[in-house]
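Report on one structure; see the data block that follows.
The values are calculated or read from the model by the stated rules, or taken from the named source; none is laboratory data. Being a predicted model, the structure only gives us computed values, none of them experimental. Reconstructed Cβ throughout: ideal geometry from the backbone, glycine too, with neighbour counts over all protein chains shown. Just so you know, the surface numbers come from the protein's heavy atoms only, side chains and all, with ligands and any DNA or RNA stripped out. Shrake-Rupley method; radii C 1.70, N 1.55, O 1.52, S 1.80 Å.
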Amino acid sequence: MPIEVRPASVFEDVRAVLGPKSPTANVCWCLSYRIPSKLDKELRGPARGEYVAGLCRARLAPGVLAYDGDEPVGWAAVAPRAETSFARSRKIPHVDDLPVWSLWCIRVRPGHRKQGISHALIAGAVDFARSHGAPVIEAYPLDNGDARVDLTTAYAGLRENFERAGFVHAADTTSVPAGHPRILMRLDLR
């Protein structure tokens, strides 16, 4: 069955991909770049999931989910850059004044990796941004060359996957998680 990508508006499905095993755990829930750092530090345990549940009920879903049949198997965070901390980042430059969208996190559930789901998520995030009028979408993947990337930093995606999706290198950044520089890549949607 082909992978289908849909807006992440069903909280239970988002929780299946992003949520912790223990409801009291303090996992990211993909909020780090979405909300101000003060709020990110204040939201603890179940409050993080409750916040994401509210995002799923909003007019604009907080990202997209990949499904294998009815099972959610992957997630991509995508939103207007102006609504993220990338809008104020000193490490990730602004290329121009266009109202770009950011794609900053890709997660595939264990047991479903190495099946092309990240490629489907990138394509789905691009389609989602385009359908909401984005003129350009940006991503900030790792430029790791042939080096292996630890899964804890792989959430940003890899340059080669974005190149395969048609993104082009637009700028270097000063962000270097786990020794791999992040670059700014863009895809014109006009």
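Answer yes or no as to whether Gly157 is within 12 Å of the chain's Cα centre (by Cα), over 21 Å from Pro93 (Cβ atoms) and open to solvent by less than 20 Å² (accessible area, probe 1.4 Å).
no
Could you figure out which of (1) within 12 Å of the chain's Cα centre (by Cα); (2) modelled with pLDDT of 95 or more isn't true of His132?
(1)
On the basis of being open to solvent by less than 60 Å² (accessible area, probe 1.4 Å) and in contact with a helix residue (DSSP H, G or I) (Cβ under 6 Å, 6 or more places away or on another chain), does Ala134 make the cut?
It is false that Ala134 is open to solvent by less than 60 Å² (accessible area, probe 1.4 Å) and in contact with a helix residue (DSSP H, G or I) (Cβ under 6 Å, 6 or more places away or on another chain).
Please report, ordered by residue number, the helices (runs of 4 or more DSSP H) entirely within segment 1-91 with at least 3 residues that are open to solvent by 70 Å² or more (accessible area, probe 1.4 Å), over 19 Å from Gly157 (Cα atoms) and at pLDDT 95 or above.
Where helices (runs of 4 or more DSSP H) fall fully within segment 1-91 and carry at least 3 residues being open to solvent by 70 Å² or more (accessible area, probe 1.4 Å), over 19 Å from Gly157 (Cα atoms) and at pLDDT 95 or above, they are 46-57.
Only one residue in Ala125, Ala120, Ala147, Ala178 is modelled with pLDDT under 90 and not in a loop (DSSP other than H, G, I, E, B). Which one?
Ala178
Please find, among Gly157, Gly124, Gly133, the residue that is touching a residue at least 12 places away in the same chain (Cβ under 8 Å), of a type outside the set (A, V, I, L, M, F, W, C) and at positive phi.
Gly157
Any residue in segment 8-35 that is farther than 16 Å from Ala66 by Cβ sitting within a Cβ distance under 6 Å of a residue that is of a type in the set (Val, Ile, Thr) and open to solvent by 60 Å² or more (accessible area, probe 1.4 Å)? List the pairs, counting only those 6 or more apart or interchain.
none
Quick check, is Leu103 at pLDDT 95 or above, of a type outside the set (D, E, K, R) and under 17 Å from the mean Cα position of the chain (by Cα)?
yes
For segment 164-189, enumerate the residues that are closer than 13 Å to Val95 by Cα and open to solvent by less than 60 Å² (accessible area, probe 1.4 Å).
Selection gives Ala170, Ala171, Thr173, Ile183, Leu184, Met185, Arg186, Leu187.
I need the full set of residues from segment 150-175 which are of a type in the set (A, V, I, L, M, F, W, C) and in a helix (DSSP H, G or I), in order please.
Listed by number, the residues that qualify are Ala154, Ala156, Phe162.
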